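Working notes, structure below.
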Amino acid sequence: MKIAIMLFDGITALDAIGPYDVFAATLKCEVKFVAKKKGLIKLDSNMGYLHADYSFSEVTSADILVVPGCSPPNYKTPMNDEETLNWIRQMHETTKWTTSVCNGSLILSAAGLLNGIVATSHWGSFDLLQSLGTIPTDERVVRQGKIVTAAGVSSGIDMALQLIAWELGEDMSKGVQLILEYDPQPPFDTGSPKKAPALLVEQIRGMLQEFAKREPNL
């Protein structure tokens with residue numbers, strides 16, 4: 001299976017690396033990191049880089065396209081870049097699955113791929129997702145035809161495991177989950193706004209909204 005993971009400056013590392021590790025563990029996937037320009041890609045943490053080995057012009061088709069997300073406001077750059085959006089549209093014509101992680105769904109929506117359909121994102125981006133003509137849902141992984149969207153950051157692992165089950169069988173997906181020892185047991189049950197204390201949710205929501213008002217500075 002040929003998989004293209006789109007990179008852009010300001011990306012959240014786990015959005016890309018989570019699915020990558022799942023696909024790579026199958027030993028049956030060819031995974032390429034692709035960006036507008038190949039080379040080092042800054043992370044939103046300002047603590048390191050990923051490396052795009054391919055440019056858009058070098059990868060024009062894939063079985064699976066993964067569009068990761070980022071911390072606000074970094075999604076504004078790819079959302080407003082026609083070359084990026086046109087590449088996504090072109091790739092979508094060839095894919096078996098077009099997917100996003102976290103607020104990567106905002107970028108898919110900006111490309112016109114989520115108009116009027118149900119999709120998920122990081123919970124802090126639901127209002128913006130809705131304003132783009134998409135119907136937000138708090139499900140962790142959402143399939144609409146060949147489009148699959150995953151919720152915030154860590155859910156990209158769940159999405160990739162589901163894709164492996166659909167494409168290579170449940171036994172393969174179960175084996176990969178075991179190889180990665182993906183058995184989440186977090187110290188606190190606050191990983192969803194439905195579970196976290198209301199005050200904490202509002203604090204984080206306010207922080208994200210403040211970040212979203214800014215312009216990318218990368």
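Summary of computed values
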item: Residue tally, condition in a loop (DSSP other than H, G, I, E, B), farther than 18 Å from V59 by Cα and open to solvent by less than 20 Å² (accessible area, probe 1.4 Å), over segment 4-18; result: 1
item: Subset tally (residues that are outside any helix (DSSP H, G or I) and small (G, A, S)) for segment 160-189; result: 1
item: Any chance V31 is open to solvent by 20 Å² or more (accessible area, probe 1.4 Å), within 27 Å of M172 (Cα to Cα) and touching a strand residue (DSSP E or B) at 6+ places or on another chain (Cβ under 8 Å); result: yes
item: Tabulated pairs, segment 30-49, first closer than 14 Å to V67 by Cα, second open to solvent by 80 Å² or more (accessible area, probe 1.4 Å) and not in a loop (DSSP other than H, G, I, E, B), C-beta under 7 angstrom, 6+ apart or interchain; result: F33/H51; K36/E83
item: Among the candidates S154, S100, residue that is touching a Pro at 6+ places or on another chain (Cβ under 9 Å), surrounded by 14 or more Cβ atoms within 10 Å (Cβ to Cβ), of a type in the set (S, T, Y) and under 15 Å from I5 (Cα atoms); result: S100
item: Selection status of V118, of a type outside the set (G, A, S) and open to solvent by less than 10 Å² (accessible area, probe 1.4 Å); result: no
item: Residues being part of a loop (DSSP other than H, G, I, E, B) and open to solvent by less than 70 Å² (accessible area, probe 1.4 Å) - total across segment 39-95; result: 17
item: Enumeration of residues in segment 57-93 that are touching a Phe, Trp or Tyr at 6+ places or on another chain (Cβ under 8 Å) and of a type in the set (F, W, Y); result: W87
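Results for (1) over 22 Å from H92 (Cα atoms); (2) open to solvent by 30 Å² or more (accessible area, probe 1.4 Å); (3) small (G, A, S); (4) in contact (Cβ under 8 Å) with a residue 24 or more places away in the chain, shown as yes or no for each residue.
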residue: E139; (1), (2), (3), (4): yes, yes, no, no
residue: A160; (1), (2), (3), (4): no, no, yes, yes
residue: L180; (1), (2), (3), (4): yes, yes, no, yes
residue: K195; (1), (2), (3), (4): yes, yes, no, no
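Let's see how each residue does on (1) over 19 Å from the mean Cα position of the chain (by Cα); (2) closer than 16 Å to W123 by Cβ; (3) not hydroxyl-bearing (S, T, Y):
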| position | (1), (2), (3) |
| --- | --- |
| R140 | no, yes, yes |
| V148 | no, no, yes |
| S154 | no, yes, no |
| L161 | no, no, yes |
| W166 | no, no, yes |
| G169 | yes, no, yes |
| L180 | yes, no, yes |
| F188 | yes, no, yes |
| S192 | no, yes, no |
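The values are calculated or read from the model by the stated rules, or taken from the named source; none is laboratory data. The structure displayed is predicted, hence computed values, not measured ones. Here the Cβ is made from the backbone with ideal geometry for all residues, glycine too, and neighbour counts use every protein chain on show. With ligands, DNA and RNA removed, areas are computed over all heavy atoms of the protein, side chains included. Shrake-Rupley method; radii C 1.70, N 1.55, O 1.52, S 1.80 Å.
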